[in-house]
Structures are given as C-alpha cells and as structure tokens.
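In what follows, a single structure is set out as structure tokens and then discussed.
The values are calculated or read from the model by the stated rules, or taken from the named source; none is laboratory data. Given the structure is predicted, the values throughout are model-derived calculations rather than measurements. Cβ: placed from backbone, ideal geometry, glycine included. Neighbour counts: every protein chain shown.
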Amino acid sequence: MSEPTLVPPSTAAQRLTAAQRRQDAWLAAGLLVAAVLSAWLGSTASVYGTESAPFSWALLYAVALTVPIAFRRRMPIAVLVVIAVAFFAGVSLRIPEVYVGNVTLFIAMYTVGAWVEDRRRATLARVLVIVGMFVWLTVVTFQASAGEDGNLSRAGLFSPFAAYMVLQFLVNAAFFGGAYLFGERAWMQARSRAALEARTVELERERELTAAQAVALDRVRIARELHDVVAHHVSAMGVQAGATRVVLDRDPAAARAGLEAVEQSARDALVELRQLLDTLRTPDAETPGDSTVHLSALPELVAHAGANGLPTTLTIVGEARPLPELVEVNVYRVAQEALTNARRHGGSGATADVRVRYGADGVELEVTNVGRTAVATRPGLGLVGMRERAAASGGTLDAGPRPRGGFRVRLHVPSTVVDAAADAPSRTGAERV
C-alpha cells in the first residue's frame with residue numbers, strides 16, 4: 001500500500017499531488033486485477049462449495065472493493081464505508097474471493113487513520129466499522145453453531161469448532177487493530193514531520209535574521225568607531241587651523257607651531273584609523289587586548305583637549321578597579337566624544353571637566369563644560385553613538401544642557417557589569433589614571 005506523504009495534517013488534502021492521485025489509481029487497478037484473479041481461482045477451487053455465488057457477482061464485487069481505492073486519500077471515510085459494505089455483502093453472499101477484500105478493507109481503514117484531519121470523525125468511522133464487523137462475526141458464529149458442520153467436531157469442552165471460531169475472532173482483532181494502530185502512527189509521524197519542517201523553516205528564518213542583524217550591528221559599530229576617531233581629530237585640526245590663520249601674518253612662529261599641531265593631529269588620526277582597521281580585520285577582534293584605546297589614555301585625551309583650545313581637568317574619585325575591555329573602550333570613547341562636542345559647540349572661553357568615579361554601585365564618567373549650549377533640532381550622530389556605547393556596556397547615559405549653562409554627559413555602568421571582570425587583568429589596575 002502507498003504511504004501518505006508526511007505533510008502538515010491541516011493541509012494534507014490541499015497538498016495532495018497529482019503523482020499521489022496516480023499512485024492511488026494504479027493501486028486500485030492492480031487490486032482489481034488481483035481481485036478478479038482471486039475470485040476466479042476461488043470459484044475454480046469451490047471455496048464455498050455449491051453455495052458460491054455466480055462468477056458475474058464476483059466481478060461486480062471486485063469492482064466495488066477496488067475502484068474506491070483510487071479515491072482513498074481524497075474521500076477516506078466514504079471509501080471505508082463503501083468497501084466495508086461491499087465486504088459485508090460479498091462474504092454474506094459467499095462470493096469466492098477471500099483475500100483481496102481483506103487487503104482493501106485494511107488499506108481503507110489505514111487511510112482514514114492516516115489522512116482524515118478531523119480526528120474525532122476518523123475515530124468514530126473506524127470504531128463503527130470495527131464494531132459492525134464483530135457484531136456480524138458474532139451473528140455468523142451463532143448461526144454456524146446452530147447448524148450442522150460435518151467438517152469440524154463440536155464434541156468436548158473446547159471443540160475444534162470452538163477453537164476455529166476463537167481463531168477467527170483473534171485474527172480479526174489483530175487485523176482491525178493493526179489497521180487502526182498503523183493509521184494512527186502514520187498520522188502522528190506526519191504531525192511530527194510537519195512540526196520539524198516548520199521548526200526548520202523558522203530556524204532558517206531566524207538564522208537569516210540573525211545574520212542580517214549581525215551585519216547591521218557591525219556596520220553600526222564601524223560607523224561609530226570611525227565617527228569617534230575622525231570627528232575628534234578633525235575637530236582639533238579645525239581649531240588649530242583657525243588659530244593658525246589668525247596669527248599667520250603677525251606671528252609666523254606661532255603659525256608654524258599651529259601647522260605642526262595640525263600635522264600631528266593628522267598623523268594621530270591616521271594611526272588610530274590604521275589601528276581601528278587592523279582590529280576590524282582581525283577575526284577574534286572581540287577578545288581582550290584588541291582594542292586601541294583604554295582608560296589609561298584619559299590623561300593624554302585631556303591634555304590633547306587642552307592643547308586644542310578647550311582647557312580640561314581630570315579628576316579620579318575612588319580606587320581604580322579592573323574593568324571589562326568593552327567598558328574601558330566605551331567609557332574612553334564617550335569621554336572623547338563629549339570633549340569633541342564641547343570644543344565644537346562651547347564657543348570661545350569654554351572649559352571642561354572630566355570626572356571618573358569608582359564606587360560600590362559601579363563606575364561613572366561625567367564630562368561637563370561651561371560655555372554656550374548648542375541648539376539642535378535632533379540629536380547628532382555623536383550623541384546617538386554615546387547612547388549606543390552606554391547600552392553596549394550595560395549602563396545608562398544622561399546627556400543634556402545644564403541649568404547654569406554648558407552641557408553635561410554622565411555615563412553610569414553598574415557594578416553587576418564591572419564586577420564581572422574583577423579577577424581579570426586590566427590595564428587600569430596597575431596605575432591610577
């Protein structure tokens with residue numbers, strides 16, 4: 001018999017293919033030939049003796065048993081009912097075909113269990129047919145026991161006739177039970193296969209989404225790093241170039257010093273860009289030691305800001321402790337971006353203060369500046385990048401104008417993140433910034 005295709009049960013009927021229909025048609029044709037041959041051989045062998053029905057009835061019986069098989073997966077319950085009725089009639093009329101009828105009845109019952117989506121209807125249809133068969137078998141048994149059968153003796157507590165009838169019940173129980181259980185198992189396998197296929201599709205979709213997200217996150221990370229490096233140095237170069245232009249005519253020595261500072265800023269920018277690109281090209285760039293900047297470089301950052309027109313002070317509160325590599329990089333970059341914004345927007349006479357606090361609740365960076373407050377219609381890329389770095393570090397960022405003028409950026413990373421690296425080596429653990 002042909003196995004049902006393992007598709008989601010809810011769409012089995014809709015997904016029945018033309019190839020499966022052809023398989024059922026060929027199966028019906030093969031069973032028809034087998035039924036006709038079986039009936040002819042049974043008639044020739046006089047299976048029922050002189051009580052056999054005419055061979056013409058056997059041909060009609062063969063058609064009724066086998067042709068519905070061609071529609072078994074399209075109308076399973078109807079096919080089971082038609083074959084069961086034909087089987088009842090054929091055996092009652094003693095049509096000399098005793099094999100193919102059993103096969104077609106088994107296939108029909110199996111198909112109901114394997115293909116009917118309404119499981120209550122599938123169970124009810126099979127149970128009714130099974131009950132009908134056993135009721136009919138019981139009636140036939142009593143009729144046979146009341147009659148005379150010269151072949152089997154009824155003598156004894158458990159006579160040969162009784163043994164024969166018990167055997168008939170056991171064979172039919174195994175027959176119908178097997179058809180029922182095989183159909184149920186095919187249905188459960190189809191459900192399991194459908195669930196597995198659906199899960200596979202879902203996992204593939206999740207994999208594609210994860211890959212797309214990873215690419216997007218890499219693009220954001222690269223954009224953020226490039227912005228922080230380029231904006232910091234280009235801003236400094238702009239300030240230095242402006243100061244050089246002012247003194248170019250009246251103080252050539254100062255102008256020369258300014259140009260040297262511009263040149264040095266350009267060199268520093270190229271060095272950081274090269275380090276950044278090397279880090280991005282390294283497969284394991286997320287491992288400790290791959291980052292280009294750390295909190296130990298805060299004094300140089302503050303000195304650079306002071307040398308480029310933004311007098312800045314640095315204060316460390318508390319005892320420095322080991323920090324995760326990612327936290328060190330992000331805290332440094334937030335400080336760098338905050339100083340860059342203060343230099344760009346604070347105006348002449350602006351000053352800044354950088355404070356790093358190590359406390360029991362975590363580590364906090366605060367960068368404040370005095371000067372004018374820039375009026376922006378929407379947050380710039382620098383502020384967006386700082387918020388992204390805060391989120392990536394597991395912390396929070398508070399940035400906005402101060403009531404008495406200027407701007408303040410405050411980054412707080414909780415102790416739950418900081419303490420995760422308490423036993424790890426850190427560049428800040430051996431020195432006080």
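Just a yes or no: is a residue in the range 293-306 among the charged types (D, E, K, R), part of a helix (DSSP H, G or I), on the phi < 0 side of the Ramachandran plot and modelled with pLDDT under 80?
Scanning the range 293-306 turns up no residue that is among the charged types (D, E, K, R), part of a helix (DSSP H, G or I), on the phi < 0 side of the Ramachandran plot and modelled with pLDDT under 80.
Residues that are touching a Leu at 6+ places or on another chain (Cβ under 8 Å) and modelled with pLDDT of 80 or more: does the range 37-53 have at least one?
There is at least one residue in the range 37-53 that is touching a Leu at 6+ places or on another chain (Cβ under 8 Å) and modelled with pLDDT of 80 or more.
Would you confirm whether or not the range 164-172 contains a residue that is surrounded by 13 or more Cβ atoms within 10 Å (Cβ to Cβ) and touching a residue at least 60 places away in the same chain (Cβ under 8 Å)?
no
Give the residue, chosen from Ala342, Ala352, that is in contact with a strand residue (DSSP E or B) (Cβ under 6 Å, 6 or more places away or on another chain), part of a helix (DSSP H, G or I) and in contact (Cβ under 8 Å) with a residue 40 or more places away in the chain.
Only one candidate qualifies: Ala342.
Is it the case that the range 242-251 has a residue that's at pLDDT 75 or above, surrounded by fewer than 16 Cβ atoms within 10 Å (Cβ to Cβ), of a type in the set (Val, Ile, Thr) and farther than 24 Å from Gly347 by Cβ?
no
For every residue, the table says whether it meets (1) over 40 Å from the mean Cα position of the chain (by Cα); (2) surrounded by 22 or more Cβ atoms within 10 Å (Cβ to Cβ); (3) more than 17 Å from Leu301 (Cα to Cα).
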site: Val317; (1), (2), (3): yes, no, yes
site: Ala320; (1), (2), (3): yes, no, yes
site: Glu337; (1), (2), (3): no, yes, no
site: Thr340; (1), (2), (3): yes, yes, no
site: Gly346; (1), (2), (3): yes, yes, yes
site: Ala352; (1), (2), (3): yes, yes, no
site: Val367; (1), (2), (3): yes, yes, no
site: Val370; (1), (2), (3): yes, no, yes
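For every residue, the table says whether it meets (1) touching a Leu at 6+ places or on another chain (Cβ under 8 Å); (2) of a type in the set (Asp, Glu); (3) part of a loop (DSSP other than H, G, I, E, B).
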| position | (1), (2), (3) |
| --- | --- |
| Ala62 | yes, no, no |
| Leu65 | yes, no, no |
| Ala70 | yes, no, no |
| Val79 | no, no, no |
| Ala86 | yes, no, no |
| Val98 | no, no, yes |
| Ala108 | yes, no, no |
| Ala122 | no, no, no |
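Do we have Val375 as modelled with pLDDT of 80 or more, of a type in the set (Val, Ile, Thr) and in the same structural domain as Leu339 (by TED's automatic domain parsing) here?
No: the conditions fail for Val375.
Between a residue in the range 120-132 that is at pLDDT below 90 and any residue that is among the hydroxyl-bearing types (Ser, Thr, Tyr) and surrounded by 13 or more Cβ atoms within 10 Å (Cβ to Cβ), which pairs come within a Cβ distance under 6 Å, given they are 6 or more apart or on different chains?
Between residues of the range 120-132 that are at pLDDT below 90 and residues that are among the hydroxyl-bearing types (Ser, Thr, Tyr) and surrounded by 13 or more Cβ atoms within 10 Å (Cβ to Cβ), the close pairs are Arg126/Tyr180.
Got a number for residues in the range 47-91 being of a type in the set (S, T, N, Q) and touching a residue at least 12 places away in the same chain (Cβ under 8 Å)?
So the answer is 2.
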